[in-house]
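Single-structure report; data block below.
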Amino acid sequence: MRSSLAYFFVALYFISGSIGKKGFGPGEQEWNYVEVRPKAFMFWWLYYTTANVNSYYDKPLLIWLQGGPGGSSTSFGNFEELGPLDVNLNSRNFTWVKDYNVLFIDNPVGTGFSYVEIDTAFTRTNEQIAKDLVECMRGFYNELPQFEDVPTYITTESYGGKMGAEFALLWDEAQKSGTIRSNLKGVALGDAWISPIDSVLTWAPYLLSWGMVDTKGFKNIDAAAQRTRRKVDYGSWAAATTAWADTQGVVFQETYNVDFYNVLTKLSPSSQRDLNSSTRDAWFLSRGTMYPYLDQSEAFSLESLMNGPVRIALGVDAIHGSQSGKVFTYLRGDFMKPVIHIVERLLNETKLNVFVYNGQLDLIVDTPGTQLWLDKLKWKNADIWKNSVKRPILIEDIIEGYLKVQDNFRMYWVNRAGHMVPRDHPAVQDIILRDLISNANK
């Protein structure tokens, strides 16, 4: 049934002429590859806004970067979170495309429809990822120069936040130097993997405060987290990634498989992963690449959609996700490195809006861990920020979160949301986006 419905959409969206292309889903679209380095090709997919406007270019451009690393923006971000259709091809009421032009980028190279022709072209550092993304945008503007003056914002999730912070910094530098003509205005870091060890060290107290572990469970998780911390302190980065995976395994054992991305998700004890130390690392590292938020059946369903009707509609030769596992493998030594200093540079050296937001129910990048690295930031107004008043986010007189503001810096605490804030709480996400855009010229 799903297959026949999907192919119906393919046929329907090729009917009639348009300004852009008729890709997959409603509205005008464009997509293409940019060779960001020799033998390294990055795929982007643009949805023009479906808002009633005189010109598409009257609306801002939002760039979405998925996490992982190796999670696909064009698939997970698009169909599971904020695109015009969900994974079952139903229209999404809260799609970002209703109000903005949205650009999904499969990043780093090897993710989703992006690919490399030789293994040495995979990225190994966050800086290389950021350089590739800037190069991707150069290619995007070469093809669609009408967007050069359009206010543009990088929006991110999870590891996408780590990549997006450095991307924003390098892009701002290129924009100032005139090596790229563009109008980058801000970056939003959602449940962002900015300081990995701060997240890991707060898992045990977070779970204890929720009543999801007892004192014994707390001690076991904390002991694993401390082993991870020691690897980080020694600068043994690949070993720290292994220790991170081991700590996740201990969390699963002590909580009977809590959902790392929303601790209130209903799970059966039978879904508990009985992994020994020799197999746990491999399982987590493979699971953490393409779709770490989906169980196996859901991931298969999404990948079937991408490699079936979507791939046909877009006329893409690459097999979606075929290289995604290697993306994580080659970034294993960079995965646990923090980028707090990059966020500091964004605040001290740029005029970009820098927004941070976190879902209350997220464990993998929990709010207590995010608060820890926020308090470590060294920037010109850090002391004022720490002592400023946190105020409520009200929707119909209900407190849906909290907000703290200082200059071009914002932090949002989002109630009733896990790791995927755009999907879990679209109303607050809408407030964040409107704030990000409305304050860009102040």
Computed [θ] at 222 nm, helices only, for the chain once each DSSP H run of length n ≥ 4 contributes -39500 (n - 2.57): -12000 deg cm²/dmol
Which shape class, rounded, prolate or oblate, goes with segment 66-147 when its Cα gyration tensor gives a ≥ b ≥ c as root eigenvalues, a/c under 1.5 marks rounded, and past that a/b bigger than b/c marks prolate? oblate
Net charge within 12 Å of ARG229 by Cβ-Cβ distance, Lys/Arg positive one each and Asp/Glu negative one each, not counting ARG229 itself? 0
Between GLU127 and ARG37, what is 0.36 nm times their sequence separation minus the Cα-Cα distance? Round to one decimal in nm. 31.0 nm
Relative contact order for the chain, counting Cα pairs under 8 Å that sit 6 or more residues apart, in percent: 18
In whole Hz and in residue order, list the ³J(HN,Hα) couplings for segment 118-128 that follow from phi through the Karplus curve 6.51 cos²θ - 1.76 cosθ + 1.60, θ = phi - 60°; x for Gly and Pro. 8, 4, 5, 8, 5, 7, 10, 9, 5, 5, 5
To the nearest Å², the heavy-atom accessible area per residue of the chain with 1.4 Å probe amounts to 39
Packing rank of 182-193, 361-372, where each peptide gets the mean count of other beta carbons within 10 Å, highest leading: 182-193, 361-372
Would you list, by chain and number, the aspartates and glutamates whose Cα falls below 18 Å from the Cα of LYS231, excluding same-chain residues fewer than 8 positions away? ASP198, ASP222, ASP246, ASP281, ASP334
Interchain or long-range residues, amide H under 5 Å from LEU403's placed H: ARG391, ILE393, TRP413
Expected unfolding gain across LYS380-ASN415 under the 0.36 nm per residue rule, minus the alpha-carbon gap, is 9.7 nm
To the nearest 20 debye, what is the magnitude of the charge dipole of the chain about its Cα centre, counting +1 on the Cβ of each Lys and Arg and -1 on the Cβ of each Asp and Glu? 600
Sequence gap at least 6, Cα distance under 8 Å: using those rules, report the relative contact order of segment 88-167 to the nearest whole percent. 25
Net charge within 10 Å of GLU30 by Cβ-Cβ distance, Lys/Arg positive one each and Asp/Glu negative one each, not counting GLU30 itself? -1
Need one word for segment 12-115: rounded, prolate or oblate. Basis is the Cα gyration tensor (sqrt eigenvalues a ≥ b ≥ c); a/c below 1.5 gives rounded, then a/b vs b/c decides. prolate
Net length gained if the chain between LEU264 and TRP210 were fully extended (0.36 nm per residue, minus Cα distance): 18.4 nm
Enumerate the calculated ³J(HN,Hα) couplings along segment 82-90 in order (Karplus 6.51 cos²θ - 1.76 cosθ + 1.60, θ = phi - 60°), each rounded to whole Hz, writing x wherever the residue is Gly or Pro. 9, x, x, 10, 8, 5, 8, 6, 8
Aspartates and glutamates within cross-link reach of LYS21: Cα-Cα under 17 Å, excluding same-chain residues under 8 positions apart? GLU30, GLU143
Assign one of three labels to segment 128-257, namely rounded, prolate or oblate, based on the Cα gyration tensor with a ≥ b ≥ c the square roots of its eigenvalues; rounded applies when a/c is under 1.5, prolate when it is not and a/b is larger than b/c, and oblate otherwise. prolate
For segment 129-138, just list the computed ³J(HN,Hα) in residue order, Karplus coefficients 6.51, -1.76 and 1.60, θ = phi - 60°, integers in Hz, with x standing in for Gly and Pro. 4, 4, 5, 4, 5, 4, 5, 4, 5, 4
Neighbour net charge for TYR48 - beta-carbon separation under 15 angstrom, K R +1, D E -1: -1
For a quick protection proxy, order the peptides 119-128, 421-430 by their average other-Cβ count within 10 Å, most packed first. 421-430, 119-128
Segment 314-402: relative contact order in percent, alpha carbon pairs under 8 Å with at least 6 residues between: 17
Past 24 Å, Cα to Cα, is the threshold; run LYS162/LYS404; LYS351/LYS404; LYS162/LYS219 against it and keep the listed order. LYS162/LYS219
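The values are calculated or read from the model by the stated rules, or taken from the named source; none is laboratory data. All figures in this text were calculated on a predicted structure; none of them were measured in a lab. As a convention, Cβ positions derive from the backbone with ideal geometry for all residues, glycine included, and neighbour counts pool all protein chains shown. Calculation scope for accessible area: heavy atoms of the full protein, side chains included, ligands and nucleic acids excluded. Shrake-Rupley method; radii C 1.70, N 1.55, O 1.52, S 1.80 Å.
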